[in-house]
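Single-structure report; data block below.
The values are calculated or read from the model by the stated rules, or taken from the named source; none is laboratory data. Since the model is a prediction, treat every value here as computed from it, not as a measurement. Note: ideal-geometry Cβ built from the backbone for every residue, glycine included; neighbour counts use all protein chains shown. Ligands, DNA and RNA are stripped out before the accessible areas are found, and what is left, the full protein with its side chains, is counted by its heavy atoms. Shrake-Rupley method; radii C 1.70, N 1.55, O 1.52, S 1.80 Å.
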Amino acid sequence: MQLSKILGAASLVVGLSGCAALLEPEQHYTDVDLTIPTRDNQAIHQRDRTVLKDQSVLTYVEGILKRLEATHGKPCECQVVVDTSPGYEAYTVSANTIVLSSGAISQAESEDEVAALIGHELYHVYENDVLDSMLQDGAIAALRMGAVAAGEDVTVVFGDSLKEAATGLIYRHFEAQDEIDADAFAVDLLARAGYSQNGMNMMIRRLGEYASEARASAPAAAACLRMDDEGEIFINFTQCTSTLTGADSSRYLAKEARTEAAMALAMELPDDQRRRSTQGQVPEFYTIEYLDQVADMDFTSKEALARDLPRIERLDLPPELADDASLHSKFTAAYLMLGDHERATQALALSAQSTYRTPTVFRHLLQVADYNRDGELVAQLLHDMDREIGQMPSMLPVEYYLTRRYDLTVQEGIRLARCAMTLAQDLGLSELCDVYGDKADNYTALRW
């Protein structure tokens with residue numbers, strides 16, 4: 001799949017940087033009643049996800065949150081948002097923001113199950129032990145976006161490390177005991193709020209299955225950094241991502257252990273609370289149904305994708321997803337795989353015009369700018385990326401290369417300082433800065 005065939009489209013290079021989100025303490029979404037701290041918004045987008053701008057979905061999950069808050073008797077001063085990921089996930093990016101995946105809403109069999117997900121995360125909010133939206137510490141402060149190999153031909157390939165980063169950042173949040181304690185809190189809270197324990201059991205089962213699948217699909221461990229006989233440094237960013245975020249050593253709690261603990265706690269509840277039947281089904285939301293259909297596209301072969309894509313194209317695009325960057329990125333990838341460069345260009349342009357762009361979008365746009373040797377656009381995109389997504393260590397060597405290659409003196413100085421600051425935390429990343437700096441000095445092209 002070669003993007004280079006569509007990079008000459010002049011329309012892509014005009015006005016790509018006009019949609020950057022302002023760097024303010026909070027982000028105010030205009031299409032829905034939602035205000036989210038900027039750092040939290042960045043933390044979601046660093047996972048290559050976007051916030052679902054569907055007011056009916058937000059109202060639904062907020063209603064469950066308010067019911068649980070009222071039962072607990074203490075306001076959490078937080079909110080629940082839904083991201084566009086098809087996986088079954090719930091996580092916190094700060095004490096202000098709990099995130100449910102659209103896949104969790106889709107797969108939940110009852111409102112009790114959605115309440116269990118929110119109740120579990122509420123424990124981490126109330127205990128103030130949530131993962132800060134700066135995402136651990138400086139060494140893993142952002143999404144590890146792509147596999148970068150600094151060899152004879154400098155190649156940048158973005159892919160598997162997105163999954164590794166998301167897996168590590170979501171599942172490494174807390175120690176095993178924290179999760180057991182959060183389950184215990186949710187068991188009690190759901191019982192007092194009038195929800196069924198069936199939801200708790202289903203949540204634990206699904207999370208256990210999803211975590212097991214994530215762990216089972218992880219590639220065999222490889223060296224993060226290696227050097228060949230000629231002294232060339234090669235970096236496996238997928239493995240570095242896995243190592244630094246803890247994706248390969250996360251504490252996946254076995255669903256059997258969690259279920260046993262939750263059932264033991266439920267047995268201590270009064271009979272009416274313990275035996276309460278399921279309270280209600282999750283409403284159907286067309287935006288989430290549409291995302292499910294998109295997630296089901298088969299990318300294993302051109303033939304399979306050619307069968308699936310027309311089915312998606314026949315569906316009505318929800319207006320809430322009209323400018324969703326992650327959605328249009330998926331279409332860009334699909335059209336590229338099928339060799340439809342005109343429609344891939346159109347999809348990429350739509351993702352570029354989104355108010356809230358993702359790492360994948362910026363990767364494509366930087367590729368466009370570099371292909372066209374447009375230093376002004378490179379400078380604008382790097383500036384916009386800092387504001388919209390925040391600093392991303394995995395992109396630092398490439399950023400340093402671009403700023404040095406295009407004589408962006410001020411931005412180069414900032415990247416050089418960041419490279420120097422990584423020395424104590426991440427020697428490999430610091431060494432890569434040197435490698436990429438040499439490549440820029442020697443005018444070695446970046447082969448995307």
Within segment 95-107, of all residues that are open to solvent by less than 10 Å² (accessible area, probe 1.4 Å) and small (Gly, Ala, Ser), the one farthest from Glu320 (Cα to Cα) is Ala104
Does Leu423 satisfy being crowded, with 22+ Cβ neighbours inside 10 Å and at pLDDT below 90? no
Those residues of segment 330-346 which are open to solvent by less than 50 Å² (accessible area, probe 1.4 Å) and among the hydrophobic types (A, V, I, L, M, F, W, C) amount to Phe331, Ala333, Ala334, Leu336, Met337, Ala344
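Test Ala70 against the criterion of being of a type in the set (A, V, I, L, M) and open to solvent by 10 Å² or more (accessible area, probe 1.4 Å), and give yes or no.
yes
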Out of all the residues in segment 181-218, which are touching a strand residue (DSSP E or B) at 6+ places or on another chain (Cβ under 9 Å) and at pLDDT below 90? Leu207
Of the conditions (1) at negative phi; (2) at pLDDT below 90, Gln136 fails just one. Which one is it? (1)
Need pairs with beta-carbon distance below 7 Å; first residue over 9 Å from Ala334 (Cα atoms) and within segment 294-310, second modelled with pLDDT of 95 or more and aromatic (Phe, Trp, Tyr); sequence gap 6+ or separate chains. none
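Determine which member of the set Leu350, Leu327 is open to solvent by less than 60 Å² (accessible area, probe 1.4 Å), more than 30 Å from Ala191 (Cβ to Cβ) and not in a loop (DSSP other than H, G, I, E, B).
Answer to the selection: Leu327.
Residues checked against (1) closer than 21 Å to Ile36 by Cα; (2) free of Cβ contacts under 8 Å to residues at least 40 places away in the same chain; (3) part of a helix (DSSP H, G or I):
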position: Gly63; (1), (2), (3): yes, yes, yes
position: Leu68; (1), (2), (3): yes, no, yes
position: Thr71; (1), (2), (3): no, no, yes
position: Pro75; (1), (2), (3): yes, yes, no
position: Ser106; (1), (2), (3): no, no, yes
Of the numbered conditions (1) open to solvent by less than 10 Å² (accessible area, probe 1.4 Å); (2) hydroxyl-bearing (Ser, Thr, Tyr); (3) touching a residue at least 40 places away in the same chain (Cβ under 8 Å), Thr355 satisfies every one except a single condition; which is it? (1)
Determine whether Gly428 is over 30 Å from Pro37 (Cβ atoms), touching a residue at least 40 places away in the same chain (Cβ under 8 Å) and either within 26 Å of the chain's Cα centre (by Cα) or surrounded by 15 or more Cβ atoms within 10 Å (Cβ to Cβ) (or both). yes
Which of the residues belonging to segment 34-55 are under 22 Å from Gly103 (Cα atoms) and open to solvent by 60 Å² or more (accessible area, probe 1.4 Å)? Gln55
